[in-house]
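**Student:** The structure that follows is given in the form of structure tokens.
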Amino acid sequence: MRALKISSLFAMVAIAASACGGAATPTAAPTAAPAAEEPTAAPTAAAAEATTASEPAAATGGELKIAILAPLSGPVPTFGVSTRDGALLAIEEWNAKGGVNGMKITPVVEDSQCTPDPAVNAANKVIDQDGVKFIIGEVCSKATIPVSDIATEKKVILISPTSTNPSVTVDSKGKVKPYIFRACFIDPFQGTVGAKFALETLKVKTAFIMLDQSNDYVKGLAEYFEKAFTDGGGQVIGKETYTSKDTDFSAILAKVADTKPDVVYLPDYYNIVNLAAKQAKEKGITATFLGGDGWDSSDLDTAAAEGGYFTNHYSPEDTRAEVQNFVKSYGEKYKDDSGNAKVPDALAALAYDATNLLMEGIKAAGSDDTTKVNTTLEGITFNGISGKITFDANHDPVKSATILAVKDGKVQFNSVVNP
Ligand code: PHE
């Protein structure tokens, strides 16, 4: 792949040196920044909401509607909440500066459930009823793929913050879909990074793959991991499928226990990982569990996933100033149930990046004409929280991946892998 992202690379090397000097040393960084903000805790969330609602003074050139399609209900609600909150923070900041091209930005949030039909209905609703020309979303590849076809047909710009399957931006004939972009790397890279980490860092030889074939993301990632693992000299000694409705993984885990692989690759979302990894621990399986960005959730069962690793887009421990500023603003605006500052996960960071990227594209176009914005996005260079973004010919950013470890009940930074 091309051009190394020098700035983020340097910053990441700095973290690798400081935070990682032993994955065993928990760093204070992720909690330190939010903790410092606690005195302002109580009034912030309400005040922040009021800010979004009280911006009309800035608007001189009308209103710009941005739809946020996020899975607020369904199997993976933390994905939806983080995505919505990251996008709303970016919109609030733009409105505080006077909007974009004099237009006040109005978010239109829809619950798209990480599922094709509700996501397609939400897309049709925001486009046909609300008159939206710009969409941030969906999160899950299997929902974004059908939505991207509607957006292409209606010349609506869509930036998925997080959908990593190649088919989001490229059609079945291999042609790039105009108007469709993403803010994240893609799964051929993510799967390869996972396989190389297993072979070169964990120095393992055998893998067992568990997958849900009806989920484009899971299926793709399993395939890319298998290819890279095998090409790198590893052996896949078992591969079993389940469905998204399954809650009992004992039949598959019995095969894992029999074949004794070094690693189990489970590239699914946290809801499935919580069930399968817990049942594996109960069965006494000691293989290392590995996964992808779908593990990233405040609801990941870290006891069940203890000892595992996953590839991801970002770490809140990154020492770059833009990352720490974002962690601070996010923590000031959003609190958990106990009133503590929330630490933004990769979904929040990517939604924030995708929204800022879109605003920069609209600003550079000097217009909300989607054909013009399509052109400015194609040529943009954008420095995001999750790294520097420029688009390749398929509208995919080429970016580094972060490896996170689940250790001592916490998700900890492990290392960075560049394209
Ligand atoms: N990459 C996942 C998909 O394409 C979505 C995801 C991204 C989930 C980041 C969690 C974190 O479906």
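**Student:** Only one of these is within 13 Å of the ligand (Cβ to nearest atom) and among the small types (Gly, Ala, Ser): Gly131, Gly137, Gly102, Gly98. Name it.
**Tutor:** Result: Gly137 is the single residue among Gly131, Gly137, Gly102, Gly98 that is within 13 Å of the ligand (Cβ to nearest atom) and among the small types (Gly, Ala, Ser).
**Student:** Identify, by number, the condition in (1) under 23 Å from Pro71 (Cβ atoms); (2) away from the ligand (no atom under 16 Å from the Cβ); (3) assigned to a loop (DSSP other than H, G, I, E, B) that Lys278 doesn't meet.
**Tutor:** Lys278 satisfies all of (1) under 23 Å from Pro71 (Cβ atoms); (2) away from the ligand (no atom under 16 Å from the Cβ); (3) assigned to a loop (DSSP other than H, G, I, E, B) except (3).
**Student:** Another question about this same structure. Just to check your reading of the model, which residue among Thr192, Thr152 is under 30 Å from Gly62 (Cβ atoms), polar (S, T, N, Q), more than 13 Å from the ligand (Cβ to nearest atom) and touching a residue at least 24 places away in the same chain (Cβ under 8 Å)?
**Tutor:** Of Thr192, Thr152, the one residue that is under 30 Å from Gly62 (Cβ atoms), polar (S, T, N, Q), more than 13 Å from the ligand (Cβ to nearest atom) and touching a residue at least 24 places away in the same chain (Cβ under 8 Å) is Thr152.
For every residue, the table says whether it meets (1) open to solvent by less than 10 Å² (accessible area, probe 1.4 Å); (2) of a type in the set (A, V, I, L, M).
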| residue | (1), (2) |
| --- | --- |
| Ser172 | no, no |
| Pro188 | no, no |
| Thr192 | no, no |
| Lys196 | no, no |
| Val204 | no, yes |
| Met210 | yes, yes |
| Tyr224 | no, no |
| Gln235 | no, no |
| Thr241 | no, no |
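**Student:** Only one of (1) of a type outside the set (Ser, Thr, Tyr); (2) within 16 Å of the ligand (Cβ to nearest atom); (3) in contact with a strand residue (DSSP E or B) (Cβ under 9 Å, 6 or more places away or on another chain); (4) open to solvent by 40 Å² or more (accessible area, probe 1.4 Å) fails for Asp216. Which number is that?
**Tutor:** Looking at each condition in turn, Asp216 falls short on (3).
**Student:** Test Asp248 against the stated conditions and say whether it is open to solvent by 50 Å² or more (accessible area, probe 1.4 Å) and free of Cβ contacts under 8 Å to residues at least 12 places away in the same chain.
**Tutor:** No.
**Student:** With the checklist (1) within 28 Å of Asn101 (Cβ to Cβ); (2) out of contact with any Leu (no Cβ under 8 Å at 6 or more places or on another chain); (3) touching a residue at least 12 places away in the same chain (Cβ under 8 Å) in hand, flag the one item Lys372 doesn't pass.
**Tutor:** Looking at each condition in turn, Lys372 falls short on (3).
**Student:** Out of Gly308, Gly291, which single residue is within 12 Å of the ligand (Cβ to nearest atom) and crowded, with 20+ Cβ neighbours inside 10 Å?
**Tutor:** Sole residue among the options that is within 12 Å of the ligand (Cβ to nearest atom) and crowded, with 20+ Cβ neighbours inside 10 Å: Gly291.
**Student:** Please find, among Ser167, Ser172, Ser73, the residue that is of a type outside the set (A, V, I, L, M, F, W, C) and in a helix (DSSP H, G or I).
**Tutor:** Exactly one residue qualifies, and that residue is Ser167.
**Student:** Yes or no: Cys140 open to solvent by less than 10 Å² (accessible area, probe 1.4 Å) and touching a His at 6+ places or on another chain (Cβ under 6 Å)?
**Tutor:** In short, no.
**Student:** It is to be established whether one or more residues within segment 351-365 are open to solvent by less than 10 Å² (accessible area, probe 1.4 Å), of a type in the set (Gly, Ala, Ser) and more than 20 Å from the chain's Cα centre (by Cα).
**Tutor:** Scanning segment 351-365 turns up at least one residue that is open to solvent by less than 10 Å² (accessible area, probe 1.4 Å), of a type in the set (Gly, Ala, Ser) and more than 20 Å from the chain's Cα centre (by Cα).
**Student:** Could you say which residue among Ala183, Ala198 is among the small types (Gly, Ala, Ser), under 29 Å from Leu290 (Cβ atoms) and within 14 Å of the ligand (Cβ to nearest atom)?
**Tutor:** Among Ala183, Ala198, only Ala183 is among the small types (Gly, Ala, Ser), under 29 Å from Leu290 (Cβ atoms) and within 14 Å of the ligand (Cβ to nearest atom).
The values are calculated or read from the model by the stated rules, or taken from the named source; none is laboratory data. Remember, it's a predicted structure, so these values are computed and weren't measured experimentally. Note that each Cβ is placed from the backbone with ideal geometry, even for glycine, and that neighbours are counted across all protein chains shown. Each accessible area value is taken on the protein alone, full model and side chains, heavy atoms only, with ligands, DNA and RNA left out. Shrake-Rupley method; radii C 1.70, N 1.55, O 1.52, S 1.80 Å.
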